[in-house]
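*Asks:* Below is a structure I'd like to ask you about.
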Amino acid sequence: MSIQQVPAEILEIIFANLDGTSFCRAKQVCKLWCAVVHKLQNSKKIWRKFCIQDIPDGVIEELVSYKTIPYKNLNVDWLDIYKQWHFGKVIKPRHLSKVFEVQAFCSNPITCIATSGSWVVTGHNNGVAYVWSISDDDGIEQKSDLHLKAITDIALVDLLNLGTYYGLRTLPWSHHHMITVSKDGCIRISFLLDSIGRSEYDLTLHKHSDVINSVRIFGKQFAACSRDNTVTLWDLDVLRSPYLHLKATLLHIIIGPAEYIADIGFWNNKTWKGDGNCMQTLWA
């Protein structure tokens, strides 16, 4: 029996047990295989299976903006998630078609950077945040004075699933708010879908007495660590009236170890610090 004579029902069983890459390549063999693959690839269940089977632990959460994944939810665009992972794995830097070189910040260097959809946010040494359009050659779209001193880190918030969660690629932003921390000891939560830093519902949080080194987000909670040897853990809620904004509630103030906390990790409600040689859990 030749491969063209294998019944479609048997091919469906075989193809469903392949990995995602082999599954896609199978349609190149012959017209029958192409028809079977085309039929199966419209099922969200098979792409969910490929994501769970092929993508390493923790990577899916990163691809969907650091959230816990509801694996039973077929509304999630599993095909889009698989594409992101696959393309990120195989595309090399030399294939990038557009590179921007910015030389205007010699006296005000970039201290941190984050990307969301077709936008890039850069934090700077003077406390200013700039917003850039990846798809536009005109350069800076927005500029906002968010902090009095250098911005040290940026975390992006997507509680509305604007981005990769449901595969809404037509939206310019994949997030609706950003969290910035600074050497001025403040945490700023700014609305991204309008003029950044100018919404009356933006938040400024004061719970640290020294430089804040980093901020990490997972799901609807975020953690910030400071040179004052404390880590604050916060919970976020989306409020839609009278205008879309976030409410931040302080959950815990964690007193760190005796040594200086330069950075933290935050994953699935666990907070830890590392010095390059070992990891120490601060909160779980």
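Where a number appears in this text, it was derived from the coordinates with a stated rule and is not lab data. In this text the structure is predicted, and so the values were computed from the model without any measurement. In this analysis, Cβ positions are derived from the backbone assuming ideal geometry, glycine residues included, and neighbour counts consider all displayed protein chains.
*Asks:* Stretched out fully, how many nm does the piece from Ser118 to Lys45 gain, at 0.36 nm a residue minus the Cα gap? Intermediate values should be presented prior to the final figure.
*Replies:* Numbers: separation 73, 0.36 × 73 = 26.28 nm, distance 2.88 nm.
This chain segment gains 23.4 nm when fully extended.
*Asks:* Using the Kirkwood formula on the Cα atoms of segment 1-58, what hydrodynamic radius do you get, in angstrom to one decimal?
*Replies:* 11.8
*Asks:* Calculate, for Gln5 and Glu61, the FRET efficiency according to 1/(1 + (r/R0)^6) with r their C-beta to C-beta distance and R0 41 Å; round to the nearest 0.05. Let's see the in-between values first.
*Replies:* Values: r = 44 Å, r/R0 = 1.06.
Working from the Cβ atoms, E equals 0.40.
*Asks:* Oh, and also: Between Leu239 and Asn126, what FRET efficiency comes out of the Förster formula 1/(1 + (r/R0)^6) with R0 = 41 Å and r the beta carbon distance, rounded to 0.05?
*Replies:* 0.85
*Asks:* For the pair Leu193/Asp54, report the inter-label distance in nm, with labels modelled 7 Å from Cα in the Cβ direction.
*Replies:* Computed distance between label sites Leu193 and Asp54 equals 3.2 nm.
*Asks:* Moving on. Under a crude label model (7 Å from the Cα following the beta-carbon direction), how far is Leu32 from Ala262 in nanometres?
*Replies:* 6.2
*Asks:* Sort Tyr71, Tyr201 by Cβ crowding within 10 Å, fewest neighbours at the top.
*Replies:* Fewest-to-most ranking of Tyr71, Tyr201: Tyr71, Tyr201.
*Asks:* What FRET efficiency do you get for Leu251 and Glu200 if R0 is 25 Å and r is their Cβ-Cβ distance, rounded to the nearest 0.05? Provide the component values of the computation, followed by the final result.
*Replies:* Details: r = 25 Å, r/R0 = 1.01.
Computed FRET efficiency for Leu251 and Glu200: 0.50.
*Asks:* Given 0.36 nm per residue, what is the gain on full extension from Asp228 to Lys149 after removing their alpha carbon distance, in nm?
*Replies:* Between Asp228 and Lys149, full extension yields 26.8 nm more.
*Asks:* Listed here are the pairs Lys83/Lys143; Lys83/Lys270; Lys44/Lys270; Lys45/Lys83; which of them are more than 26 Å apart at the Cα? The partial results should precede the final answer.
*Replies:* Numbers: Lys83/Lys143 33 Å; Lys83/Lys270 29 Å; Lys44/Lys270 31 Å; Lys45/Lys83 15 Å.
Cα-Cα > 26 Å for Lys83/Lys143; Lys83/Lys270; Lys44/Lys270; rest within.
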